[in-house]
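In what follows, a structure is listed as structure tokens, so that the remarks can point back to it.
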Amino acid sequence: MSSIQTLNEKFGINSAITFCEGPGGLTVAEMQSPFGSAKVAQHGGQVLEYTPTDQRPVLWLSDRAAFAPGKAIRGGIPVCWPWFGPHPEDSKLPAHGFARNALWDVISTNSDDSISITLGLKQSEQTPSAWPHSFELSIQVSLASSLEVALTARNTGALPMTCSAALHSYFAMSNISNIRITGLEGTEYRDQLDCDKIKSDKSPITFDREVDRVYHDTTGECLVEDPGWNRSIRIAKAGSRSTVVWNPWIAKAARMEDFGDEEYRAMVCVETTNADDDTITIPPGEKHTLTAIISSSSA
Ligand code: BG6
């Protein structure tokens, strides 16, 4: 019996949750509700698609994305854990941790108030030796009038576990040059493109060049306003005091193998994170949950 058949027998819910073979042969859970649809890959525990009923897809997925074991998928909501960005001590380790490149287990599915699926990742022989902690990571993806993504890290070891993380959400845009992001005005950010200087701007964020910023002390909602498609995407959160805003623009897009040269126009990342001084130390036996709640409406 194929593992897809097994997953459908164990976790499938009528037409609400079905497991299928997705791009590159990766196993994908397709979620369907009156509110919309979503797809979650077992690879990386990664949400690949979220489309509210009668709307365009909210998430962006690159036409050049690689769908292969051990590789990060460019688009959707990659899970960056247990470190965000480069490893703090060893730059040879993969950026954004190992969770996005690993194969997660399906733990449960549910169709009570909302349709949801939970996937998990534990310490195993595949965990890089650079990460000595015993852990249990889970991601719960719930589809109702919004898409809620909750990443819980549990420290199952005997020593405190310090980790940074991101729900690295890629949003689909009509044209990056015409959008704006509100909710971060007047907030201090570390500019990763200007020697990590701490800055702040009074105005909403607009884009006419590469942007790569870690905003600090942010607990509120962000709104991505896209007049070209007459819609706004709202990103609310919990368990997070930092937010990353990223668009690679022309030169960086051209350097990335899994990113089309023109695709920078069609996306923006607003990432719900535990980064910089929002890095979390989890005592033994305890857990931390990072949640992003994503919805979209006519502007
Ligand atoms: C963002 C970082 O979160 O992710 C950027 O702030 C980085 O610096 C981007 O370029 C993409 O990272 P990666 O590893 O997926 O290419």
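The values are calculated or read from the model by the stated rules, or taken from the named source; none is laboratory data. As the structure is a prediction and not an experimental result, all values here were calculated from the model. All Cβ positions, even for glycine, are placed from backbone atoms using ideal geometry, and neighbour counts span all protein chains on display. Accessible surface is based on the protein model in full, side chains and every heavy atom, while ligands, DNA and RNA are left aside. Shrake-Rupley method; radii C 1.70, N 1.55, O 1.52, S 1.80 Å.
Nearest 20 debye, what's the magnitude of the dipole of region 2-127 about its Cα centre given +1 on Lys and Arg Cβ and -1 on Asp and Glu Cβ? Walk me through the intermediate numbers first.
Working: 9 positive and 12 negative charges, 73 e Å.
Dipole magnitude for region 2-127 comes out near 340 debye.
Residue separation times 0.36 nm, minus the C-alpha to C-alpha distance between E210 and S15: what's the value? It would help to have the intermediate numbers written out before the result.
On the way: separation 195, 0.36 × 195 = 70.20 nm, distance 4.18 nm.
That works out to 66.0 nm of additional length.
Set the Förster radius R0 to 35 Å, insert the Cβ-Cβ distance between A254 and S91 as r into 1/(1 + (r/R0)^6), and round the FRET efficiency to 0.05. Each step should come with its number before you reach the end.
On the way: r = 23 Å, r/R0 = 0.64.
It comes to 0.95.
Could you list which residues have their amide H under 5 Å from that of F259, counting only those 5 or more apart in sequence or on another chain, with H placed in the peptide plane?
Sorted by chain and number, the residues that satisfy this come to none at all.
Per-residue ellipticity at 222 nm for the chain, helices alone: DSSP H runs ≥ 4 residues times -39500 (n - 2.57), over residue total, nearest 500 deg cm²/dmol? Before the final figure, lay out the partial values.
Working: 2 runs with 16 residues, N = 299.
For the chain, the value works out to -1500 deg cm²/dmol.
Using the alpha-carbon centroid of each, what span in Å lies between region 124-185 and region 60-105?
Their Cα centres are 11 Å away from one another.
On average, how much area does the Cα convex hull of the chain cover when viewed from any direction, in nm²?
Working: hull surface 61.0 nm².
Answer in nm², one decimal: 15.3.
Suppose accessible area is computed on protein heavy atoms with a 1.4 Å probe; arrange E188, E225, E21 from highest to lowest.
E21, E188, E225
Roughly speaking, what is the stretch gain from S108 to T289, that is 0.36 nm per residue apart minus the C-alpha to C-alpha distance, in nm to one decimal? Don't jump to the answer; show the numbers that get you there.
Details: separation 181, 0.36 × 181 = 65.16 nm, distance 1.76 nm.
Using 0.36 nm per residue and subtracting the Cα-Cα distance, I get 63.4 nm.
Would you please give the FRET efficiency between R56 and S134, computed as 1/(1 + (r/R0)^6) with r the Cβ-Cβ distance and R0 = 41 Å, to the nearest 0.05? Mind showing how you got there, number by number?
Numbers: r = 42 Å, r/R0 = 1.03.
So, using R0 = 41 Å, E works out to roughly 0.45.
What does the highest-first list of 226-237, 54-65 look like by mean Cβ count within 10 Å? Could you put the intermediate results ahead of the total?
Values: 226-237: 18.2, 54-65: 16.4.
Going by the mean number of other Cβ atoms within 10 Å, highest first, we get 226-237, 54-65.
Could you sort 158-169, 124-135 so that the peptide with the highest average Cβ count within 10 Å comes first and the rest follow in order? Please list the in-between numbers first.
Values: 158-169: 20.8, 124-135: 13.3.
Most protected by this proxy first, the peptides run 158-169, 124-135.
What is the distance, in nm, between label points placed 7 Å from the Cα along the Cα-to-Cβ direction at S145 and at Q126?
3.8
Testing the spin-label approximation: label points 7 Å from Cα along Cα→Cβ at D201 and N230. State their distance in nm.
2.8
Check S174: other-chain or 5+ apart residues with amide H under 5 Å from its amide H, H built from backbone geometry?
W229
Just the number please: accessible area per residue for the chain, 1.4 Å probe, all protein chains included, in Å².
Values: 13410 Å² over 299 residues.
On a per-residue basis, 45 Å².
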